[in-house]
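Below is one structure, written out as structure tokens; the observations come after it.
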Amino acid sequence: MDNSKEITLTAEGRQKLVDELAYREGELRDEIVERLKEARSFGDLSENSEYDAAKEEQSQNESKIAEIRQTLSVARVVADAQHGGIRVSIGTTVELEDDRGKKTKFTIVGTTETNSLEHKISNESPAGQALIGCGKGDQVEFTTPAGKTKSYTIVNITR
């Protein structure tokens with residue numbers, strides 16, 4: 001991960017990372033230590049697949065802990081903007097309508113929080129960049145990574 005690049009998170013996204021870090025440093029580490037102890041009791045470690053699997057899981061967990069700590073160290077949590085009329089910003093949910101009347105909802109989040117299954121799009125994505133700063137009734141147009149141009153009207157913005 002690039003140490004110099006600031007990462008933008010919603011308060012909810014930061015809390016999820018803090019919770020995951022606590023779980024990985026506490027409960028998951030304890031579970032792995034128990035599996036290592038149990039695997040050692042089987043004897044010869046050179047041919048012990050349970051021990052090898054537990055060591056691999058331990059390594060992956062420690063890598064993920066380091067990654068989360070790094071993310072939190074460069075993360076900037078966005079605060080709700082308090083200005084006249086709601087504008088699209090990180091943490092807002094935007095309802096869009098295309099020219100055929102089909103409606104779509106997205107929540108704008110920081111890059112590390114992106115989850116297409118939950119309709120969370122990154123503020124750095126083409127759609128996110130086009131929407132940031134816009135207000136209700138604005139027309140937005142952006143080109144998808146697949147090269148298609150999409151045009152929408154912002155129907156609603158909620159926090």
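The values are calculated or read from the model by the stated rules, or taken from the named source; none is laboratory data. Keep in mind it's a predicted model, so treat the numbers as computed, not measured. When we count neighbours, we look across all protein chains shown, and the Cβ atoms used for this are built from the backbone with ideal geometry, even at glycine. Please note that ligands, DNA and RNA were not included when accessible areas were found on the heavy atoms of the full protein model with its side chains. Shrake-Rupley method; radii C 1.70, N 1.55, O 1.52, S 1.80 Å.
All conditions but one from (1) part of a helix (DSSP H, G or I); (2) closer than 22 Å to residue 13 by Cβ; (3) open to solvent by less than 70 Å² (accessible area, probe 1.4 Å) apply to residue 67; the one that does not is (3). Answer yes if at least one residue in region 62-72 is closer than 30 Å to residue 42 by Cα, modelled with pLDDT of 90 or more, within 18 Å of the chain's Cα centre (by Cα) and hydroxyl-bearing (Ser, Thr, Tyr), and no otherwise. Yes: one or more hits.
Within region 115-148, being open to solvent by 70 Å² or more (accessible area, probe 1.4 Å), polar (S, T, N, Q) and free of Cβ contacts under 8 Å to residues at least 12 places away in the same chain holds for one residue alone: 116.
For region 32-56, residues that are part of a helix (DSSP H, G or I) and either open to solvent by 70 Å² or more (accessible area, probe 1.4 Å) or in contact with a Lys or Arg (Cβ under 6 Å, 6 or more places away or on another chain) (or both) total 13.
Among the residues making up region 149-159, those that are assigned to a strand (DSSP E or B) and either on the phi > 0 side of the Ramachandran plot or in contact (Cβ under 8 Å) with a residue 40 or more places away in the chain (or both) are 150, 151, 152, 153, 154, 155, 156, 157, 158.
On inspection, residue 87 passes the criterion of being touching a Cys at 6+ places or on another chain (Cβ under 9 Å) and either exposed (fewer than 14 other Cβ atoms within 10 Å of the Cβ) or within 26 Å of residue 111 (Cβ to Cβ) (or both). Candidates are the residues of region 95-114 that are within 19 Å of residue 135 (Cα to Cα) and surrounded by 16 or more Cβ atoms within 10 Å (Cβ to Cβ); the one that is farthest from the chain's Cα centre (by Cα) is 96. For region 100-143, a residue qualifies if it is in a strand (DSSP E or B) and among the hydroxyl-bearing types (Ser, Thr, Tyr), and the qualifying residues are 104, 107, 122, 143. Give the residues of region 1-31 that are surrounded by fewer than 15 Cβ atoms within 10 Å (Cβ to Cβ) and touching a strand residue (DSSP E or B) at 6+ places or on another chain (Cβ under 7 Å), sorted by residue number. If the condition is that a residue be surrounded by fewer than 15 Cβ atoms within 10 Å (Cβ to Cβ) and touching a strand residue (DSSP E or B) at 6+ places or on another chain (Cβ under 7 Å), then 6, 11 are the ones that fit.
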